[in-house]
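The values are calculated or read from the model by the stated rules, or taken from the named source; none is laboratory data. Bear in mind that the values here come from a model prediction, so they are computed numbers and not experimental data. No Cβ is skipped: glycine too gets one built from the backbone with ideal geometry, and neighbour counts run over all protein chains shown. To get the accessible areas, we keep the full protein, side chains included, count just its heavy atoms, and leave off ligands, DNA and RNA. Shrake-Rupley method; radii C 1.70, N 1.55, O 1.52, S 1.80 Å.
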Amino acid sequence: MRGRVGWSIAVAGLVLALAAPARAQQAPTLGAPPSPNVTVQSTQSSTGGGGGLKTWQEALIFAAGIILIGGITIAILTDARERSRRIGHGDPLTESGPSPDRHRHRQRSKQQARAKAKRAKAQRRKNR
């Protein structure tokens with residue numbers, strides 16, 4: 001079950017990552033009239049630049065990005081599971097209600113807190 005959640009998060013992230021560049025190419029006009037299409041003929045340079053990345057370099061960069069996003073996803077999921085284990089979420093309750101000792105402890109600590117607040121209030125009145 002948990003494996004499916006991780007994979008579905010990874011697939012959703014991949015879909016969003018691939019959809020973002022396509023959406024960025026559609027710039028809004030903000031009410032302005034559309035500009036006329038102007039074709040410009042480019043001249044070939046004699047230097048034969050050939051600049052840019054080769055396809056294997058592009059694939060390597062793309063794969064590194066996917067691995068990076070996957071690593072971040074795994075780190076987040078494992079940290080969340082560790083914290084939930086430490087806090088105790090998801091553990092079944094063994095008793096149906098609070099124990100009598102816990103109830104007495106809460107009453108006693110509440111009484112002590114009230115007495116402390118009462119002493120502090122008296123001290124503030126005395127220092128006026």
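I'd like the FRET efficiency for residue 40 and residue 67, computed as 1/(1 + (r/R0)^6) with the beta carbon distance as r and R0 of 35 Å, rounded to 0.05.
That gives a FRET efficiency of 0.30.
So how do 38, 15 rank on accessible area, 1.4 Å probe, biggest first, that is with the largest at the start?
38, 15
Sorted by accessible area (1.4 Å probe), largest first, how do 7, 56 line up? Don't skip to the end; give the middle numbers.
Details: 7 185, 56 150 Å².
Ranked from most to least accessible, the order is 7, 56.
Which value, in Å² rounded to 10, gives the accessible area of residue 54 with a 1.4 Å probe and all protein chains present?
Surface accessible to solvent at residue 54 totals approximately 130 Å².
Using only protein heavy atoms and a 1.4 Å probe, report how much of residue 87 is accessible, in Å² to the nearest 10.
Here the accessible area works out near 120 Å².
Determine, from the Cβ-Cβ distance of residue 8 and residue 79 and an R0 of 25 Å, the FRET efficiency 1/(1 + (r/R0)^6), rounded to the nearest 0.05.
So, using R0 = 25 Å, E works out to roughly 0.85.
Leaving ligands, DNA and RNA out of it, work out the accessible area of residue 8 with a 1.4 Å probe and give it in Å² to the nearest 10.
Looks like 60 Å² after rounding.
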